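K.L.:
Please find one structure pasted underneath; my questions will follow.
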Amino acid sequence: MIEYNSRQITDEEAHLALDLAVEQVRRSLPLYTDHCQNHSSVNGIYPACDNVQWTCGFWPGEIWLAWEHVCGADRSDVNNQRRTGADKKKDSDECIAGQAECGAGSLSACASEYAEEFRAAAMKLSESFEYRIENKIEVDHHDMGFLYTPSCVAAWKLTGDEKARNAAILAADQLMTRFQEKGEFFQAWGKLGEPGTYRYIIDCLMNLPLLYWASETTGDPRYQEAARRHITTCMRYSFRADGSTYHTFFMNQDGTPSHGETCQGYKDDSFWARGQAWGVYGSVLSYRYDPKPEYLEIFHRALDFYLSRLPEDLVPYWDMVFSDGSGEPRDSSSAAIVACGLLEARRYLPQEEAQKCEALARQMLYSLTENYTVWGGRCLSEMDGKAGGDASDERFDKKPGGKSDEKLAGMFDDEDSVKTVKTQNKDMIPGAGLLLHGTYSKKSPYNTCTEEGVDEYTSWGDYFYMEALTRLTRDWKSYW
Ligand code: GLY
C-alpha cells in the first residue's frame, strides 16, 4: 500500500469539522425539508427539487448523521476526554437511554437542543420516500440503495419507525425486479432487457447493502442471494487487471460478458475517479456481508490503483487519467467515499494494515477539511499544536453541533476570509454544501453523459464527508 507523509486529521479536528458540517446542515434545513436537495449545487447553492433524483437519499442521510452527532457524539472516547464527570452523567442519562440495537430507537431519548429539529426534518423527508416508492415515482433504475439506505434504513435503524422500514423493503423489492438471470446482474438503467441497455455499473455495489438489510429484516434470503450473484459478476468483469475499473459493463443477452464502456468518465479506457471510489468502498462492503478473501484482494488492488494516481493533496481529478497541469477539475466526493472505504476496511484487516488504512483516511480528511471546505483553512490551522486534545480549548466546551452563530462568524472575521467567502458565495449560508470542488458529470468528446455539477458541491460528497468524520468520532453503526 502506498504511504504518504502528509498531515492527518486528529480526533479533535474531526470533531470540530463535524460540528461545522452539522451547523451547515442545520442552516439549510428550512430549504430542504418540504423538498429534496438536488444532486449538485449551481454556483455554490443547491436547488431544491422534488423527490425524483437518484441522489435524494444523501441529504436525509446528512440529517441523520447530524442528529447522531448532536445526540450521541458525547458517547465517544474522544469527546469524553473533554467533558466533566457531571456532563457525562447528564449525557448518559439523557442521550444514551434506550441505546439498543438497530430498529429499537437507539437515540430517541436524546435531549440536545437541535435534536428535534433534525429528527423532525428527517422524518418528514422519510414520508416523501414512502410516497415515492408506493407510487413508483422515478424508480425504474437500480439506485434504490443510494436512495433508501441513508434515508429510510437509517430512520428505521435509529428510531424504529415501521413506515420507514416498509418503504425500504418496497425499495428492495423494486431493485429485485431489475435482476437479470442471464448474466446475473442488476440492470442499471433503461427498459429491462432492451438491447443497448443490458448493462450494470460499478456504482451498483453501493446499492446492495439494501438487499442484505432486507434479507436480515424480513428473513427472506432471496434479496441477499441476488446481491451475491451480482457481486460475483461485478468482481469478475468490472475490475481491470491493474485494479482500475470500468464505469459500465455490457453483457450479451445470452449472459456472456460483452465489454466495458464509460458514461461519466473521460473515455472507455480511462479511470473515472468516482467509479474507482465506488469500487474501493463497494468491494469492502461486499466483504462485510460475504467475507470472501478475494473481495479484500480486489479492495486492495482498486485502492492501490487509486492511490497511484493521486495528486499531492490526495484529492483526485475527476478522471484519474488527468494529473497536475491538466487544468481539469477535481472530484472531492471521490476522496470522501474512499476515506469511508478505508475506515470500514480497518475492521477486517490485520492491525498494521488497518493502521495504514486509518492513516490514509485521516490524511485525505485533513486535506478535504483544510483545502476543500470554506471553513477549513481557518479552523484547522488554528488548531495546529493542539493535537492530542486541549480540554481547556473553549471551542470544545460547546455542545457538539451547538456552536452559536457568533462563534461561527468569528471564524471568518478577518478581511481576507470574508472577502474569499463572499466572492465565492460559499459561506455557511442556507443552501451551501460542505465539500467544494466535486464533479458530477463532465462531458468529454468520448463519453455519453450530460454535463452537470462541474466543480460544485455534490450531495453525496457532503454525505460521505460527514460519514467519514463520523467514523472517526465515534463507534458508528453503519446505515449501509
Ligand atoms: N452513481 C452516479 C454517480 O456517481 O455519479
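K.L.:
Pop out the ³J(HN,Hα) list for the stretch 31-47 in order, Karplus 6.51 cos²θ - 1.76 cosθ + 1.60 with θ = phi - 60°, rounded to Hz; leave Gly and Pro as x.
P.N.:
7, 10, 10, 7, 10, 8, 9, 5, 4, 8, 7, 10, 6, x, 10, 6, x
K.L.:
When averaged across all projection directions, what area in nm² does the alpha-carbon convex hull of the stretch 199-330 cover?
P.N.:
Computing the convex hull of the Cα atoms and averaging its projections yields 8.6 nm².
K.L.:
While we're looking at this one, here's another question. Note the full-extension length gain between Arg236 and Val42 as 0.36 nm times their separation in residues minus their Cα-Cα distance, in nm to one decimal.
P.N.:
Between Arg236 and Val42, full extension yields an extra 66.1 nm.
K.L.:
Looking at the stretch 127-170 from every direction and averaging, what is the projected area of its Cα convex hull in nm²?
P.N.:
Here the figure is 2.6 nm², rounded to one decimal.
K.L.:
Calculate the translational D of the stretch 265-372 in whole µm² s⁻¹ from Stokes-Einstein, where the hydrodynamic radius comes from the Kirkwood formula applied to all Cα pairs, the temperature is 4 °C and the viscosity 1.567 mPa s. Kindly include the intermediate steps, with their values, before the conclusion.
P.N.:
Values: Rh = 13.9 Å.
Roughly 93 µm²/s, to the nearest whole number.
K.L.:
Using only the alpha-carbon atoms of the stretch 215-278 as identical scatterers, what base-10 log of I(q)/I(0) does the Debye formula give at q = 0.13, 0.14, 0.23, 0.29 Å⁻¹?
P.N.:
Evaluating at q = 0.13, 0.14, 0.23, 0.29 Å⁻¹ gives log10 I(q)/I(0) of -0.45, -0.50, -0.95, -1.20.
K.L.:
For the pairs Lys136/Lys267; Lys182/Lys267; Lys292/Lys356; Lys157/Lys191; Lys267/Lys356; Lys124/Lys157, flag any whose C-alpha to C-alpha distance is greater than 23 Å.
P.N.:
Over 23 Å apart, Cα to Cα: Lys136/Lys267; Lys182/Lys267; Lys157/Lys191; Lys267/Lys356.
K.L.:
Decide, for the stretch 130-231, between rounded, prolate and oblate: order the square roots of the alpha carbon gyration tensor eigenvalues as a ≥ b ≥ c, take rounded if a/c falls under 1.5, and otherwise choose prolate if a/b is larger than b/c, else oblate.
P.N.:
Verdict is prolate for the stretch 130-231.
K.L.:
Also, I was wondering about something else. Counting only residues 5 or more places away or on other chains, whose amide H sits under 5 Å from the amide H of Ser258 once H atoms are built in the peptide plane?
P.N.:
Phe250, Met251, Asn252
K.L.:
Through the Karplus equation 6.51 cos²θ - 1.76 cosθ + 1.60, θ set to phi - 60°, convert the phi angles of the stretch 142-148 into ³J(HN,Hα) values in whole Hz; use x for Gly and Pro.
P.N.:
Ordered by residue, 3J(HN,Hα) equals 8, 7, 5, x, 4, 6, 9 Hz.
K.L.:
Kindly provide the trypsin sites (Lys or Arg not before Pro) of the stretch 277-358 that DSSP labels as loop, not H, G, I, E or B, and whose Cβ sees at most 15 other Cβ atoms within 10 Å.
P.N.:
Values: sites: Arg288, Arg301, Arg309, Arg330, Arg346, Arg347, Lys356; in loops: Arg309, Arg346, Arg347.
Passing sites in the stretch 277-358 are Arg347.
K.L.:
Next question, about the same structure. Mind listing the long-range amide H neighbours of Gln180? Cut-off is under 5 Å, sequence gap 5 or more, other chains count too, H placed in the peptide plane at 1.01 Å from N.
P.N.:
Those qualifying (amide H under 5 Å, at least 5 residues apart or on another chain) are Phe185, Phe186, Gln187.
K.L.:
Each residue of the stretch 245-257 in turn: what ³J(HN,Hα) in whole Hz from Karplus with 6.51, -1.76, 1.60 and θ = phi - 60°, glycine and Pro shown as x?
P.N.:
10, 7, 5, 10, 9, 8, 10, 6, 5, 8, x, 7, x
Values quoted throughout were computed directly from the atomic coordinates according to the rules given, and no laboratory measurement underlies them. Keep in mind that what you see is a predicted model, and the values were worked out from it rather than measured. As a convention, Cβ positions derive from the backbone with ideal geometry for all residues, glycine included, and neighbour counts pool all protein chains shown.
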